[in-house]
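The values are calculated or read from the model by the stated rules, or taken from the named source; none is laboratory data. Just so you know, these numbers come straight off a predicted model, no measurement behind them. In this analysis, Cβ positions are derived from the backbone assuming ideal geometry, glycine residues included, and neighbour counts consider all displayed protein chains.
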Amino acid sequence: MTSLRIAFSEDPRDFQRRDWTDLVDRDPSGTIFHTPGFLKLYWEEFGEGGLLLAFGEDPEGRQVAAVALELVGDVLRFLGGTEITDYLGPVGEEEAVGDFAASLVEALVERTDWRAADLRGLPEDSPWLGAFRSAFDAGGMGVDETDDQNGVAPFIDLPPTWDAYLEGLPAKLRHEIRRKAKKLEAEAGAFTVETATEDELLPFLDRFVELHRESEGPKGVFMVPGMEIFFRRLGEEFCRRGIFRLTFVRLGDDLAAGTIGFVYGGTYSLYNSAFDRRWQQLAPGMVLVAEDIRQAIEEGCRRFDLLKGDYPYKYRFGARPRPIRRLVAARI
């Protein structure tokens, strides 16, 4: 038997009443995507099935772990959706990881409302991956582990200065970053980098949505009305707290390229981007990513996370791959 009590809730008010942000901050695996603030917005805009929040309580009744789940048909999933939420799963105190995974699986086995668990978004280096694998094995369920969809999230461990970051790159990459910025300035004039304040948030978001919808390929059809509402709500919720970063390269009067990121727990996460196709040959988007890295370093961030998607451009900034895994367990 495990020592943690599992308390389930299907009430979305518990995103706030049982706010587990402190556990996100204490868990080395915790990210903005694990916070109740982010997951509440996701649930309200995209929730498909039944909400199931689970909390691990120690013998004194203290909350030491939490996870948001969604029951779609008879399949349990971490709440978040792989197209929108890059990292999924529980958070908790370090010493509670194994016990919470075992206690949760044990409590879930007693329920009759699910047939399989499809758990995505677990980084390979997260202790939660092994903890759930062991818990399902101990519970007598077959479990398969595979790569998650878009299952690599490149990242950069940041040094304390911009110069140190550049010096740590291979000479070719360092030269390319500098060359792109010089070419943009030489051919388009001096540029500035602007980050939206609360007062600028709405017009900056309008421009970002416009650029996104003009993009080619899947990116151009990503920003459907429901997704736009979600992005706007993210900005409204997190901009005033200094977490949501909407940054643009300005060329004259033109906001030519934009990125959306989150600064949370010492990590700058690059969430989305768009650029004006008229400036494509001058690569303003690549220049902006470099400026985002510079800003992250200046703010004392320890990591720059380019999130899921194993795209070649991410490695031009010196990123290293981080595999993201998926566990599928079936009741026998």
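Exactly one condition in (1) out of contact with any Cys (no Cβ under 7 Å at 6 or more places or on another chain); (2) modelled with pLDDT of 95 or more is not met by E228; state its number.
(2)
Have a look at G300, G285 and point out the one that is surrounded by fewer than 19 Cβ atoms within 10 Å (Cβ to Cβ) and not in a strand (DSSP E or B).
One residue alone meets the criteria, G300.
Take region 256-269 and flag every residue that is of a type outside the set (G, A, S) and surrounded by fewer than 20 Cβ atoms within 10 Å (Cβ to Cβ).
If the condition is that a residue be of a type outside the set (G, A, S) and surrounded by fewer than 20 Cβ atoms within 10 Å (Cβ to Cβ), then T267 is the only one that fits.
Looking at L211, L169 in this structure, which one is modelled with pLDDT of 95 or more and not acidic (D, E)?
L169
Do we find that D99 is crowded, with 17+ Cβ neighbours inside 10 Å, in the same structural domain as T112 (by TED's automatic domain parsing), acidic (D, E) and within 24 Å of Y268 (Cα to Cα) in this structure?
No, not satisfied.
Against the conditions (1) within 18 Å of T85 (Cβ to Cβ); (2) out of contact with any His (no Cβ under 7 Å at 6 or more places or on another chain), where does V24 fall short? Just the number, please.
Unmet for V24, out of (1) within 18 Å of T85 (Cβ to Cβ); (2) out of contact with any His (no Cβ under 7 Å at 6 or more places or on another chain): (2).
Please indicate, with yes or no, whether at least one residue in region 98-114 is under 25 Å from G140 (Cα atoms), outside any helix (DSSP H, G or I) and in contact with a helix residue (DSSP H, G or I) (Cβ under 8 Å, 6 or more places away or on another chain).
yes
Against the condition closer than 24 Å to P28 by Cβ, in the same structural domain as A68 (by TED's automatic domain parsing) and not hydroxyl-bearing (S, T, Y), how does D125 come out, does it pass?
When the stated conditions are applied, D125 passes them.
If I filter region 270-282 down to residues being free of Cβ contacts under 8 Å to residues at least 40 places away in the same chain and out of contact with any Ser or Thr (no Cβ under 9 Å at 6 or more places or on another chain), which single residue comes out as surrounded by the fewest Cβ atoms within 10 Å (Cβ to Cβ)?
Q281
Quick check on my filter: what residues within region 234-254 are in a strand (DSSP E or B) and crowded, with 21+ Cβ neighbours inside 10 Å?
Within region 234-254, F244, R245, L246, T247, F248, V249, L251 qualify.
Return the pairs, sorted by first residue and then second, in which the second residue is among the aromatic types (F, W, Y) and modelled with pLDDT of 95 or more, the first residue lies in region 41-57 and is assigned by TED's automatic domain parsing to the domain that holds S9 and buried (at least 17 other Cβ atoms within 10 Å of the Cβ), the beta carbons are less than 6 Å apart, and the residues are 6+ apart or on different chains.
A54/F8; G56/F100
Yes or no: G189 on the phi > 0 side of the Ramachandran plot and in contact with a strand residue (DSSP E or B) (Cβ under 8 Å, 6 or more places away or on another chain)?
Answer is yes for this residue.
If a residue must be buried (at least 21 other Cβ atoms within 10 Å of the Cβ) and either basic (K, R) or closer than 22 Å to T192 by Cα (or both), how many such residues does region 303-324 contain?
4
Please enumerate the residues belonging to region 151-181 that are assigned to a helix (DSSP H, G or I) and either touching a helix residue (DSSP H, G or I) at 6+ places or on another chain (Cβ under 9 Å) or touching a residue at least 12 places away in the same chain (Cβ under 8 Å) (or both).
Listed by number, the residues that qualify are W162, A164, Y165, L166, E167, L173, R174, E176, I177, R178, K180, A181.
Please work out if L23 is farther than 15 Å from L79 by Cα, assigned to a helix (DSSP H, G or I) and at pLDDT 95 or above.
yes
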